[in-house]
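Undergrad: Dumping the structure here so I can ask a few things about it.
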């Protein structure tokens, strides 16, 4: 049986069994040593992966970072989801504000307003609210078991989600160049991920 040792306030504590150590509580940055091995952060040790996932931690690793392909598929689902929601919203708005005008005519008349104001704001709101939701992912990402986390492996806060949502709009605004960072970044981060210090990882990969 392995013996676990930890460091707290500069002191070595232990030995503990795995159950004893996890029962007393463990933080991701706690230094841990197994038997006579080297000290490592608990978050970097595969022994505690399931333990931290149980408490909502999903640490980015080389193996579980989501690549461009699966993120593109997730975005396609999100795109069509947003289009459907926008169409429903515009239809309801038109029926209330201009009940005697054909929907097609109403859309054509207000096309510039929808493109310049409504669509960008809705996109930012959609990606902000979904990232800050308990899922910590958009609907498309959830379909592929993806999750957005911060640098500590935790679900993102509303403010971080808002910054990421705005950054995602900018990523797409400049001809999608911001998304290409997924190919070249060490952590497969698009511009909005770098901006918000977030990572997109696969929950089904350990």
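The values are calculated or read from the model by the stated rules, or taken from the named source; none is laboratory data. Computed from a predicted structure; not experimentally measured. Every residue, glycine as well, gets a Cβ built from its backbone with ideal geometry; the counts of neighbours run over all protein chains shown.
Undergrad: For residues in the stretch 131-182 being in contact with a helix residue (DSSP H, G or I) (Cβ under 8 Å, 6 or more places away or on another chain) and part of a loop (DSSP other than H, G, I, E, B), which is nearest to residue 81 (Cα to Cα)?
TA: Checking each candidate, the answer is 138.
Undergrad: Within the stretch 169-187, can you find the residues that are surrounded by 17 or more Cβ atoms within 10 Å (Cβ to Cβ) and more than 18 Å from residue 78 (Cβ to Cβ)?
TA: Within the stretch 169-187, 181, 187 qualify.
The rows are residues; the columns are (1) farther than 18 Å from residue 196 by Cβ; (2) outside the structural domain of residue 73 (by TED's automatic domain parsing); (3) out of contact with any strand residue (DSSP E or B) (no Cβ under 8 Å at 6 or more places or on another chain); (4) at pLDDT 95 or above.
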| position | (1), (2), (3), (4) |
| --- | --- |
| 106 | yes, no, yes, no |
| 115 | yes, no, yes, no |
| 120 | no, no, yes, yes |
| 123 | no, no, yes, yes |
| 137 | no, no, no, yes |
| 143 | yes, no, yes, yes |
| 148 | no, no, no, yes |
| 151 | no, no, no, no |
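Undergrad: Oh, and also: Among the residues of the stretch 5-47, write down those that are in contact with a strand residue (DSSP E or B) (Cβ under 8 Å, 6 or more places away or on another chain) and either closer than 24 Å to residue 188 by Cα or touching a residue at least 60 places away in the same chain (Cβ under 8 Å) (or both).
TA: If the condition is that a residue be in contact with a strand residue (DSSP E or B) (Cβ under 8 Å, 6 or more places away or on another chain) and either closer than 24 Å to residue 188 by Cα or touching a residue at least 60 places away in the same chain (Cβ under 8 Å) (or both), then 28, 29, 41, 42, 45 are the ones that fit.
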